[in-house]
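> Structure incoming, see below.
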Amino acid sequence: MHRPLRFLVLLAGLAAVIAAGLAWQHRTTSALRTELAERERAAREQKRLHDEQAGLRTRQVAPEEFARRKEEHEAWVALAGEIETQRGRLGAKKPVAVPPPPSAPPRTLKEGPLPAAAWRNAGQGTPAAAFETALWAAAGGDVEKLAAVLELDEATRETAAGIFDGLPRALQREVGTPDQLVALLTARAVPLGQAWILGQFDERPQEAEVLARLTDTEGNKRELFLLLRAHEGSWRLVVPPQAMAKYTSFLQGKAPDPQ
């Protein structure tokens, strides 16, 4: 039996309404899914930015810390430059001094101004010899030998050790030891002109004071008192605390030259 035409029309209309409803639902669901995905993406991006900002705040260096790191960096640069200077001294060909006649004894620093080219490794048997050996080692960039002629008191050694421990590992290997760090800076303070021992004062056993005049290559003179001490007959030049203070200021960029 055939269905009435009215029924078929109603059925077709109902199917059309359902189809339209399903299509609208599908479009609505797709739009909701798209909006939800966009919101999730925005939330992830916001979280990423928040985490990144938090990380930047965590890694941000305080002004005091930044100043300290800058000061350390300047000290490393100054010390690295001084190492290159001493390498240049060690590698440079020193002026050849005119040797004295065979019958004449070698000149000493006590006999008058002795040019850098005539300085020699005179040993450490006397205060004057130890002083000349220190000058000779400094002029030639022999930091290891110079360190062996210098004597550091406890405060000076602690200061040198503190500076040395703060250096990068590579620079520590270049310098060697805290004593050689002091020797490196001491060598910078030795002018390459002339030296002359004006007087020697032996008021205490195993100690001597030397009044020396140092002249640079431009003729500028300065006089200073130096203390030397003997240990089992071997004299050493004492590095005074004020010299170490100058070296520290130089490394911190507060002084142009530790001389």
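Read the figures in this text as sums done on the coordinates, not as results from a lab. Just so it is clear, the model here is predicted, and its values are computed rather than measured.
> Using the Kirkwood formula over every pair of different C-alpha atoms, what hydrodynamic radius in Å results for the stretch 100-187?
Working: mean 1/r = 0.0695 Å⁻¹.
14.4 Å is the Kirkwood radius here.
> What number, in percent, do you get for the relative contact order of the stretch 202-245 if the mean sequence gap of Cα pairs under 8 Å and at least 6 apart is divided by its residue count?
Details: 50 pairs, mean separation 13.2, N = 44.
Taking the mean separation of contacting Cα pairs over the length of the stretch 202-245, I get 30 percent.
> Taking only the alpha carbons of the stretch 147-259, what extent do you get along each of the three principal axes, in Å, biggest first?
Sorted largest first, the three principal extents are 42, 39, 20 Å.
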